[in-house]
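What follows is calculated from the coordinates using simple rules that are stated; it is not laboratory data. All of these numbers come straight from a predicted model, not from anything done at the bench. Glycine gets a Cβ as well: all are built from the backbone with ideal geometry, and neighbour counts include every protein chain shown.
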Amino acid sequence: MTKTISPTLLFRMDPTRNMARFYFLAIDSTLFGGSSLTRSWGRIGTKGQMRVDLFDTAAEAVEASSQLLQRKFKRGYRQDAISPR
């Protein structure tokens, strides 16, 4: 059995650099038995961009999502919208 990752919304805010960004990840099953990883990102208050990656198994989608989350946390994204001081 694979671990599941619920939809995750991350924020990166830095008022000194006029930065207010969001990053959203969600894993869904596809019509043909695979899984999809949906990513949305952009400036807060805009529609942003979206990308959907398809995987054969849910485990592959979870692994890709975990890697993306680790990368975003390294870049300063957090799960709360409160800006660091």
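Go ahead and estimate [θ] at 222 nm for the chain from helices alone: -39,500 (n - 2.57) per DSSP H run with n ≥ 4, summed, over the residue count, rounded to 500.
On the way: 1 runs with 17 residues, N = 85.
That comes out to -6500 deg cm²/dmol.
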*Selection from Gly48, Ala26, Thr8, by position along the positive dipole direction of the chain (Cβ)*: Gly48
*Beyond 14 Å, what share of the Cα-Cα pairs of the chain is found? Please give it as a whole percent.*
64
*Amide proton proximity set for Thr30, modelled H, under 5 Å, gap of 5+*: Ser35, Ser36
*Using only Cα atoms, find the angle between the long axis of helix 58-74 and the longest principal axis of the chain, and express it within 0 to 90 degrees, rounded to the nearest 10.*
10
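What size of dipole, in debye to the nearest 20, comes out for the chain about its Cα centre when the only charges are +1 on Lys and Arg C-beta atoms and -1 on Asp and Glu C-beta atoms? Don't skip to the end; give the middle numbers.
Details: 14 positive and 7 negative charges, 134 e Å.
It comes to approximately 640 debye.
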